[in-house]
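Visitor: Structure incoming, see below.
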Amino acid sequence: ISDVSWDGNSIIFSTSDNFVPERPFRRSSYYILDMQTMTVDTIFKDVKFINSITFSPTGGQLLVTGPAEAFGGIGLDIAPGQVSNMYDVQMFICKRDGSGVKAMTKNFDPSVDRAVWNAQDNMIYFSAQDRDYKAMFRMNPSNGKIDRLSTGVDVVSSFSMATTLPVMIYYGQSLTRSHQLYTLNMNNGTTTLLSDPSATTLKDIQLGEVKDWNFKSSDGTTIQGRVTLPPDFDPSKKYPMIVYYYGGTTPTSRTLEGNYPAQVYAGLGFVVYTVQPSGAIGFGQKFSARHVNAWGKRTADDIIEGTMKFCDAHPFVDRAKIGCIGASYGGFMTMYLQTVTDIFAAAISHAGISDITSYWGEGYWGYSYNAAAAANSYPWSNPELFVKQSPLFNADKVNTPLLLLHGTVDTNVPPGESIQ
C-alpha cells in the first residue's frame, strides 16, 4: 500500500517484480482501488525509477518521487555523456490517471527526501538533502515555486504535520547541538523549541570550533568541507589531523551525533577535516552524476587535493601525522586511496569494499547499489572498472599502515571484503 486518500475512499497499491535485463532491475505497477465500488484503475504499468506515489488532498492529482530517469527522463539535468545518479531524487506531479506528468524539481539542486501534500494550505512540504544540510522546503504545486523554511537545525531527521492545524513538528541536530524537538507554525514561520534532551548532558562539555572550508579543485569545481578544531586550539602549535569522508552518494551530514563524531576526535587533540568529494547528492544532478561508473576516480583526486590545499592553508597541521578514515563506500575509498597516494601516516577502513566484483555478486546491496554506482556496467563488460578500480588488484601499491574493521555478520558489505 503506497497511500490512502484524504477522504479514506481510495488506496494506491503497487505490485513489483525483478527485471534483471535493465537497471534498476525491478519494475512496478501502480493501481488505485476504490473502496466503495472495489474497482481497480491502473495508474502506471511496468514502470521503473519510482520511489513513492501519494494523493493530493483533493485526490485529483498524484505526487511522485523518484530518480530523474523516471518518465523517460523528463527530470534529467545532466551533462552530455553522464549517467544520472539514481539516489538523486526528484519530485513529479501528474493527474490521478497518471497522465500529464510534470517534473517539478529538475532545476532544484537539493535531493528530495520525503514529501507531504498538506490539506491545510494545499502546499507540498518536503525535506531534502541540500549540500550537507537536511533542510525543509515548501512548494506551491500550481507554479512550482520553492521556499526554504527556517528550522533552527542543520539536519532535520524527521517531521510530521498536524491534520487540522497549520503546525509541523520535527526534530533534528546540528554540528554543535544534539537532537532537539521543535514545532513550526506554517502560517508565520515561527519555531518553538519543545525539548532539548541533551542540554543537561552537554552543558559542561567544551566543544571545538567548527568552520566551513571549501576549495576550488584543479578542474574548477568548488569542493565543500569543514574543519573541527580541538576545544583548546592554539594556532601556534602543530596538530595531527584526521581526514574523514564517505565518498559515496550522500554527503556527510552536519551532525554532532554519529558513528564518526568529529568532536570526540577533536577532544582527543586532532584537527578533523571533513570533505565532500564529487559524486554526492544535494549539489545538483551534474555533481551527483560524477559518482556513476567512477569507483574512486575523481573522488580520490578531490580528497587528496583537498588535504594538500588544507595543509597549505593551515600551517598548524603536522603533515607527518595525517590519518584518514571512512566506512562502507568510505571504507572502499580508504583502501583505494592507499593505492594511489602515500600522504597518510595511517588509514582506517570500516566495512570497506576491496573487490568491486565480489561485492557486486555477494553483498546484499552490491548488485542493486551498482545499478547506480556502476550503471550499465558489469564485470564481464567493464573489467576496466571492476578490476582496475578494485583496491585488491592494486594491493602491492599500499605502503600505509592500514586497519581493517568489519562486522563478521555484515550482509551489506560481506566481511570477506576486508579478509581479502
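Visitor: Among the listed residues MET186, MET241, which satisfies the condition of being closer than 30 Å to GLN120 by Cα and within 27 Å of the chain's Cα centre (by Cα)? Spell out the reasoning first.
Guide: On the way: MET241 fails: closer than 30 Å to GLN120 by Cα.
Only one candidate qualifies: MET186.
Visitor: Here's a follow-up. Among THR192, THR183, THR200, THR163, which is the only one that is over 19 Å from TYR260 (Cα atoms), in a loop (DSSP other than H, G, I, E, B) and either in contact (Cβ under 8 Å) with a residue 24 or more places away in the chain or of a type in the set (Ser, Thr, Tyr) (or both)?
Guide: THR163
Visitor: Next question, about the same structure. Looking at this structure, is ILE353 part of a loop (DSSP other than H, G, I, E, B) and open to solvent by 20 Å² or more (accessible area, probe 1.4 Å)?
Guide: No; evaluated as a whole, the condition is false for this residue.
Visitor: List pairs: first in the stretch 311-329 and farther than 30 Å from TYR369 by Cβ, second crowded, with 16+ Cβ neighbours inside 10 Å and among the hydroxyl-bearing types (Ser, Thr, Tyr), Cβ under 7 Å, 6+ apart or cross-chain?
Guide: What qualifies is PHE316/TYR239; VAL317/TYR239; ASP318/TYR239.
Visitor: When both residues are 6+ apart or on different chains and their Cβ atoms are under 9 Å apart, which pairs have a first residue that lies in the stretch 331-346 and is in contact (Cβ under 8 Å) with a residue 12 or more places away in the chain and of a type in the set (Phe, Trp, Tyr), and a second that is part of a strand (DSSP E or B) and open to solvent by less than 20 Å² (accessible area, probe 1.4 Å)?
Guide: Here the result reads PHE332/GLY326; PHE332/SER349; PHE344/VAL243; PHE344/ILE322; PHE344/GLY323; PHE344/CYS324, each pair linking the stretch 331-346 to a residue that is part of a strand (DSSP E or B) and open to solvent by less than 20 Å² (accessible area, probe 1.4 Å).
Visitor: For the stretch 224-332, please list each of the helices (runs of 4 or more DSSP H) lying entirely inside it that holds at least 3 residues being farther than 25 Å from PHE386 by Cβ and hydrophobic (A, V, I, L, M, F, W, C).
Guide: 262-267, 299-313
Visitor: Next up: Can you say whether GLY73 is more than 13 Å from the chain's Cα centre (by Cα) and either free of Cβ contacts under 8 Å to residues at least 12 places away in the same chain or open to solvent by 50 Å² or more (accessible area, probe 1.4 Å) (or both), as far as the supplied structure shows?
Guide: Numbers: more than 13 Å from the chain's Cα centre (by Cα): yes; either free of Cβ contacts under 8 Å to residues at least 12 places away in the same chain or open to solvent by 50 Å² or more (accessible area, probe 1.4 Å) (or both): yes.
For GLY73, the condition - more than 13 Å from the chain's Cα centre (by Cα) and either free of Cβ contacts under 8 Å to residues at least 12 places away in the same chain or open to solvent by 50 Å² or more (accessible area, probe 1.4 Å) (or both) - is met.
Visitor: Can you confirm whether GLY248 is within 26 Å of ALA300 (Cβ to Cβ) and open to solvent by less than 80 Å² (accessible area, probe 1.4 Å)?
Guide: yes
Visitor: Looking at the stretch 87-105, which of its residues are of a type outside the set (Gly, Ala, Ser), open to solvent by 30 Å² or more (accessible area, probe 1.4 Å) and either within 20 Å of ARG23 (Cα to Cα) or under 23 Å from the mean Cα position of the chain (by Cα) (or both)?
Guide: Correct list: TYR87, MET104.
Visitor: I would also like to ask the following. Out of THR176, THR200, which single residue is open to solvent by 70 Å² or more (accessible area, probe 1.4 Å), of a type in the set (S, T, N, Q) and modelled with pLDDT under 95? Break it down stepwise before answering.
Guide: Numbers: THR176 fails: open to solvent by 70 Å² or more (accessible area, probe 1.4 Å).
None of the others qualify; the one that does is THR200.
Visitor: Return the residue satisfying two criteria in turn: it lies in the stretch 42-70 and is farther than 28 Å from ALA119 by Cβ and part of a strand (DSSP E or B), and of such residues it is nearest to the chain's Cα centre (by Cα).
Guide: Result: ASP46.
The values are calculated or read from the model by the stated rules, or taken from the named source; none is laboratory data. Nothing here was measured: the structure is a model prediction, and the numbers come from that model. Positions of Cβ are generated from backbone atoms using ideal geometry, with glycine treated the same way; all protein chains shown enter the neighbour counts. These accessible areas exclude ligands, DNA and RNA; they are computed on the full protein's heavy atoms, side chains included. Shrake-Rupley method; radii C 1.70, N 1.55, O 1.52, S 1.80 Å.
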